[in-house]
1. Can you pull the Rg over Rh of the stretch 179-225, Cα-only, Kirkwood?
2. For the pair Thr222 and Arg299, how long in nm is the line joining their label points, each one 7 Å along Cα→Cβ?
3. Starting with the highest mean, order 124-135, 23-34 by the number of other Cβ atoms within 10 Å, averaged over the residues of each peptide.
4. Please compute the length gained on full extension between Arg118 and Asp7, using 0.36 nm multiplied by the number of residues separating them and subtracting their Cα-Cα distance.
5. With just the Cα atoms defining each centre, how far is the stretch 206-230 from the stretch 1-38? Give it in Å.
6. Once the Cβ-Cβ distance between Ala173 and Ala27 is put in as r, and R0 is 30 Å, what FRET efficiency do you end up with, to the nearest 0.05?
7. Could you order peptides 193-205, 251-263 by the average number of other Cβ atoms within 10 Å of their residues, highest first?
8. With +1 assigned to the C-beta of every Lys and Arg and -1 to the C-beta of every Asp and Glu, and no other charges, what is the dipole magnitude of the chain about the Cα centre in debye, to the nearest 20?
Amino acid sequence: MALTPLDRKDEGDSITYPYVSALLDRAKRRAEITVSGPHDAPPGDPVAQGASYWPLAMTRALDDLVLHLRTNEPDLGIWVLRTAGDPGRVLAYDAQLHTTHDWFVNEVRHYYKRTLKRLDVTSRSLIAVIEPGTAFAGLLAELALAADRQYMLEGVYEDRDDDATPAVLVLTAANDGDHPMGNGLSRLRSRFWGDDAGLAAVRGRLGEPLDAAAAQELGLVTVALDDLDFEEELRIAFEERASLSPDALTGMEANHRFAGPETLETKIFGRLTAWQNWIFVRPNASGPDGALRRYGTGRKGDFDLGRV
């Protein structure tokens, strides 16, 4: 089955596809990425929809965007991941991908798995923002689990839309093995590596909409905050990441993302000693204006901001 060309619109500071968009703020070194859920319920015959089948259309767009930003926007070191849409519809597609085993659905599931793995090995700071209107459920919850940090709003923005529905995070059986990382583990199991009790607690609540308090108690988000502090904490996180050496961040993220057993992929993308050696010989560390040369002088290093 031939795929149609991607419907991509690049306007310089914004990129849009069906179901995926990105706003580029080069001054702040940040890309705001939004993945949108489906408009309709899953079809009875996914093959008949072909390239319009939501998981396939969304994955193709996300894959293309990741490759474009990695190649053409190396200074955008912070990727903010958001979702939008109806979590119920996302969960319906998630169930179809998890339970249907014909060739087409199987290929779409593996394509999404490979795209998530591409995100895992991307040398950018990934920050998920979970707020009202988001759809971090099922297969889209993988984006939150793939992020280095997850910020979740408790309740709603009272000064904007106090009638909104508070955000929830919904994990399913698909999050427990359908999309393994390069270490052979699910992102959920990687997050709770060495904490079997914590993993069991999360598994006991699969399929349940988890509000901010529950998600934080279970250890699924970095922090949950009310609307008085939420945007300020996000600002601090963004400015913190933008101020640090991109090389050091790349090394830290590569190591933290791959817990557990070592595989061929983690030897390439996540081995600590390899990243340490690479970091310290780079100009950002040992160059004439690098952090090591200026250590103790009171002067900050002048960094090459490109993430590689």
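Read-outs throughout are calculated quantities, based only on the coordinates presented, and are distinct from any laboratory measurement. No experiment lies behind these values; they were computed from the predicted model shown. A quick note on method: Cβ atoms are made from the backbone with ideal geometry, for glycine too, and the neighbour counts reach across all protein chains shown.
1. 0.98
2. Here the answer is 3.1 nm between the modelled labels.
3. The peptides rank, most packed first, as 124-135, 23-34.
4. Between Arg118 and Asp7, full extension yields an extra 37.8 nm.
5. Cα centroid of the stretch 206-230 versus Cα centroid of the stretch 1-38: 27 Å apart.
6. With a Förster radius of 30 Å, E is 0.10.
7. Per-residue mean Cβ counts within 10 Å order the peptides as 251-263, 193-205.
8. 1640
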